[in-house]
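The values are calculated or read from the model by the stated rules, or taken from the named source; none is laboratory data. From a predicted model like this one, the values you see are computed outputs, not experimental measurements. Cβ sites come from the backbone with ideal geometry, for glycine too, and all protein chains shown count toward neighbours. To get the accessible areas, we keep the full protein, side chains included, count just its heavy atoms, and leave off ligands, DNA and RNA. Shrake-Rupley method; radii C 1.70, N 1.55, O 1.52, S 1.80 Å.
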Amino acid sequence: MTRSLIVAPQWIGDAVMSQPLMAALSARGETLGVAALPWVSPVYRAMPEVAEVIDLPFAHGRLDFKARRALGQAWRGRFENAYVLPNSLKSALLPWFARIPRRVGYHGEGRWLLLNDRRVAPGEKRPPMVAFYRALAGDDTTATQAAADPVMHLPVERVAAVLQTHGLQAGAYWVLAPGAEYGPAKCWPAAHYADLARSLYADSGQPVVLLGSGKEAALAEDIARQAGAGCVVLAGKTSLDAAMALIAGARGLVSNDSGLMHVGAAFGLPQVAVFGSTSPEHTPPLNARAEVIWLKDELPLDCAPCFERVCPLGHTRCLTEIAPERVRRALWARVEAAAPQSSR
């Protein structure tokens, strides 16, 4: 048995996109322990390939050198391999202090001494992230047989318990995730989300659940106020673990390019992903039931993708010109395509 430590990325979407790497390593017999910050660790608990998830006690954005050294030293002798997914210097400290014999990761931020199996990142500035992480497994024949797209699983009992808490029935509600941690240049307008929520409720008579972090609670409340009846605001009121269960049990999902978009994709949910300042060539929802709407070639927009947090031109046309009715039709098409023949 080969024991391997995975140092996880800090963002929900990146964590989801690392699942094919977990599958590849597990397929060739490595037993995986993932070291993750608490706000992404639920993602790895939804990956059956991961044997252990270790919640890291570090503060976001801080070096915490002494704490990393103490924790790494406590792990000596536990692992034979380490795979460091983030490109930062501090992320490579734990395997170094743990004296893990083989420490794999990409060149970056002065990590020459900390990593002893260093990989060269692709030449493109923003490579497809699933392939970027998956390449850390190397070219082992067994590993290449792992699924290409991220897949996650939650126990049926866990999903049912969360839905019962909120008075929801599986497959009988919609989820909207209107926020994006990166910034407003990734966010479809609140008024558009409200229009969509209103029409989905009118079409189906089924509630529309608004999910997101505490920072997005005010946005969700504003959307619900504009939409009128039918909205259930849970943004900022659930853990990530519960939010994942709510997504897994939903009939369909609409979101920006965000971490919850990737969660929906990994659960195979019918979904529509609205892209603006970012590119679906870099971080698409890898899901056969997903549709991406991006106006770069339709308008056309020479400025897209700008990858800015705030629109540098002040108009955000890449998002405002995506009509709610278009998103509604796309979502219904995905839902109907996914439905069994007998229920259509």
Residue count, segment 317-344, condition part of a loop (DSSP other than H, G, I, E, B), touching a helix residue (DSSP H, G or I) at 6+ places or on another chain (Cβ under 8 Å) and open to solvent by less than 30 Å² (accessible area, probe 1.4 Å), comes to 1
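Going by the conditions given, is ALA170 open to solvent by 10 Å² or more (accessible area, probe 1.4 Å) and either in a helix (DSSP H, G or I) or not β-branched (Val, Ile, Thr) (or both)?
yes
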Checked segment 177-216 for anything open to solvent by 10 Å² or more (accessible area, probe 1.4 Å), within 18 Å of HIS166 (Cα to Cα) and in a loop (DSSP other than H, G, I, E, B); matches are GLY205, GLN206, PRO207, GLY212, SER213
For segment 203-215, enumerate the residues that are farther than 13 Å from SER255 by Cα and either at pLDDT 95 or above or of a type in the set (D, E, K, R) (or both).
-> ASP203, SER204, GLY205, GLN206, PRO207, LYS215
Residues located in segment 16-39, provided they are of a type in the set (A, V, I, L, M, F, W, C) and free of Cβ contacts under 8 Å to residues at least 40 places away in the same chain | MET22, LEU32, VAL34, ALA36, LEU37
Hits in segment 88-101 - residues which are surrounded by fewer than 18 Cβ atoms within 10 Å (Cβ to Cβ) and hydrophobic (A, V, I, L, M, F, W, C) = LEU89
How many residues does segment 150-208 hold that are farther than 30 Å from ALA51 by Cβ, out of contact with any strand residue (DSSP E or B) (no Cβ under 6 Å at 6 or more places or on another chain) and among the charged types (D, E, K, R)?
-> 3
Would you point out the residue of segment 220-275, among those that are in a helix (DSSP H, G or I) and free of Cβ contacts under 8 Å to residues at least 40 places away in the same chain, that is nearest to the chain's Cα centre (by Cα)?
-> ALA243
First in segment 91-102 and within 16 Å of VAL34 (Cβ to Cβ), second anywhere and buried (at least 19 other Cβ atoms within 10 Å of the Cβ) and of a type in the set (Ser, Thr, Tyr), Cβ under 7 Å, 6 or more apart = none
Scanning segment 1-43 for residues that are part of a loop (DSSP other than H, G, I, E, B), open to solvent by less than 40 Å² (accessible area, probe 1.4 Å) and of a type outside the set (S, T, N, Q), which turns out nearest to MET244 (Cα to Cα)?
-> VAL40
In the list ALA190, ALA185, ALA224, which residue meets the criterion of being modelled with pLDDT of 95 or more and within 26 Å of LEU295 (Cβ to Cβ)?
-> ALA190
Residue by residue through segment 59-87, note down the ones that are surrounded by 17 or more Cβ atoms within 10 Å (Cβ to Cβ) and either among the basic types (Lys, Arg) or within 18 Å of TRP11 (Cβ to Cβ) (or both).
-> ARG68, TYR83, VAL84, LEU85, PRO86
Restricted to segment 276-299 and to residues being in contact (Cβ under 8 Å) with a residue 40 or more places away in the chain and in contact with a Cys (Cβ under 6 Å, 6 or more places away or on another chain), the residue farthest from VAL310 (Cα to Cα) is GLY276
